[in-house]
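What follows is a short report on a single structure.
The values are calculated or read from the model by the stated rules, or taken from the named source; none is laboratory data. Treat the numbers as computed from the prediction; the structure is a model and nothing was measured. As a convention, Cβ positions derive from the backbone with ideal geometry for all residues, glycine included, and neighbour counts pool all protein chains shown. Heavy atoms of the whole protein, side chains included, go into the accessibility calculation; ligands, DNA and RNA do not. Shrake-Rupley method; radii C 1.70, N 1.55, O 1.52, S 1.80 Å.
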Amino acid sequence: MNKITTTKLNKMKQAGEKFTCLTAYDASFALAQENAGVEVILVGDSLGMVVKGQASTLSVSMDEMVYHTANVSRVCQKSLIMSDLPFAADITIEQAYSNSARLISEGGAHMVKIEGGATMLETVQFLAQRGIAVCSHLGLLPQSVHKMGGYRIQGRTADEAQQILKDATALEQAGTDLLLLECVPAELATRITHSVTIPVIGIGAGAECDAQVLVSYDMLGLTQGNPASFVKNFLQETNSIQDAFKAYVEQVKNGQFPSTEHTFE
Ligand code: KIV
């Protein structure tokens with residue numbers, strides 16, 4: 001069984017082959033996703049909302065992240081496991097390092113995800129130089145929901161778009177391995193994807209990104225209330241959760257998802 005590594009993901013980008021990412025917080029979902037061919041499994045701090053029932057990700061602790069990451073990594077043999085550094089776990093560089101080390105050594109993560117651009121450059125560089133694989137999360141930053149004034153699309157003005165593009169290239173230079181773009185116009189996501197050599201994962205960022213991610217509960221239609229416009233319910237057109245994961249993988253790879261209805265102009 002060939003394990004998914006950052007080298008493999010880079011090769012997929014170079015070959016123009018799309019890859020997939022879904023969130024999982026437990027062993028059963030993680031194994032079903034790995035069996036469906038999901039390359040990257042994200043233990044997201046979205047667990048604060050979909051598992052704990054909170055209104056945001058802000059209450060998620062390091063102990064909770066380690067617990068859920070370990071539940072996922074215990075059963076996965078192939079997928080790359082990425083785990084979120086939760087809110088306030090990376091205030092100082094030293095804190096970011098010791099909390100990343102916990103996600104890796106206690107949780108079994110292969111990569112950590114950090115929200116933020118310019119402000120996180122030194123942290124990303126410090127981690128990368130010490131051998132920690134990092135994914136940098138740009139665009140809509142759920143941990144900054146109150147500062148951003150809600151869960152709103154980012155990068156619509158020329159200044160905002162310029163800043164996100166600048167952050168993306170600076171983070172690549174600082175040594176980040178992946179970028180994750182959340183809720184930005186497709187045109188900006190396309191520019192960023194073509195401006196960096198590292199793979200770019202999108203959520204609400206259009207079809208040109210190298211990969212797509214969705215919160216698994218959203219793409220199974222389990223999330224309460226109106227789903228975000230970039231979400232597609234894959235369970236609706238399939239007979240089982242396993243088939244819904246397979247349909248997601250197939251439709252990302254053949255370019256059917258996301259379509260224009262799941263994309264911001
Ligand atoms: O925590 C999470 O699930 C995420 C996704 C929204 C990308 O960061």
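Pairs under 6 Å by beta carbon, first residue touching a residue at least 12 places away in the same chain (Cβ under 8 Å) and within 12 Å of Ala109 (Cα to Cα) in segment 74-89, partner open to solvent by 40 Å² or more (accessible area, probe 1.4 Å) and not hydrophobic (A, V, I, L, M, F, W, C), six or more apart or different chains? Cβ pairs passing all conditions: Leu80/His110; Ile81/His110. Across segment 18-29, the qualifying residues are those that are more than 16 Å from the chain's Cα centre (by Cα) and within 16 Å of the ligand (Cβ to nearest atom), and the one among them that is surrounded by the most Cβ atoms within 10 Å (Cβ to Cβ) is Phe29. Among residues of segment 236-255 being open to solvent by 50 Å² or more (accessible area, probe 1.4 Å) and under 19 Å from the mean Cα position of the chain (by Cα), the one that is nearest to Asp26 (Cα to Cα) is Lys246. Among the residues of segment 206-242, just one is touching a Lys or Arg at 6+ places or on another chain (Cβ under 7 Å) and more than 14 Å from the ligand (Cβ to nearest atom), namely Asp210. Scanning for something surrounded by fewer than 12 Cβ atoms within 10 Å (Cβ to Cβ) and either in a loop (DSSP other than H, G, I, E, B) or in contact with a Pro (Cβ under 6 Å, 6 or more places away or on another chain) (or both), does segment 228-235 turn up at least one residue? Among the residues of segment 228-235, not one is surrounded by fewer than 12 Cβ atoms within 10 Å (Cβ to Cβ) and either in a loop (DSSP other than H, G, I, E, B) or in contact with a Pro (Cβ under 6 Å, 6 or more places away or on another chain) (or both), which makes the answer no. Restricting segment 30-40 to residues that are under 18 Å from Lys113 (Cβ atoms) and more than 11 Å from the ligand (Cβ to nearest atom), the residue that is surrounded by the fewest Cβ atoms within 10 Å (Cβ to Cβ) is Glu39. Does any residue of segment 200-207 turn out to be touching a residue at least 24 places away in the same chain (Cβ under 8 Å) and over 23 Å from Thr57 (Cβ atoms)? Within segment 200-207, one or more residues are touching a residue at least 24 places away in the same chain (Cβ under 8 Å) and over 23 Å from Thr57 (Cβ atoms). Pairs linking a residue in segment 14-34 that is under 15 Å from Gln251 (Cβ atoms) to a residue that is open to solvent by 50 Å² or more (accessible area, probe 1.4 Å) and within 14 Å of the ligand (Cβ to nearest atom), with Cβ atoms under 9 Å and 6 or more positions apart or on different chains, do not occur. Residues in segment 213-227 that are β-branched (Val, Ile, Thr) and surrounded by fewer than 19 Cβ atoms within 10 Å (Cβ to Cβ): Thr223 only. The single condition among (1) within 11 Å of the ligand (Cβ to nearest atom); (2) open to solvent by less than 40 Å² (accessible area, probe 1.4 Å); (3) under 24 Å from Tyr248 (Cβ atoms); (4) over 15 Å from the mean Cα position of the chain (by Cα) that Met49 does not satisfy is (2). Scanning segment 177-192 for residues that are farther than 22 Å from His110 by Cα and within 16 Å of the ligand (Cβ to nearest atom) yields Cys183, Val184, Ala189, Ile192. Of all residues being open to solvent by 40 Å² or more (accessible area, probe 1.4 Å) and among the β-branched types (Val, Ile, Thr) in segment 59-92, which is nearest to Gln125 (Cα to Cα)? Just the residue, please. Looking at the filtered set, the residue picked out is Thr92.
Would you confirm whether any residue within segment 7-14 is in contact with a strand residue (DSSP E or B) (Cβ under 8 Å, 6 or more places away or on another chain), modelled with pLDDT of 95 or more and of a type in the set (Val, Ile, Thr)? No: zero hits.
Quick grid of which residues meet (1) surrounded by 24 or more Cβ atoms within 10 Å (Cβ to Cβ); (2) within 15 Å of the ligand (Cβ to nearest atom):
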position	(1), (2)
Asp45	yes, yes
Ala55	no, yes
Ile104	no, no
Thr123	yes, no
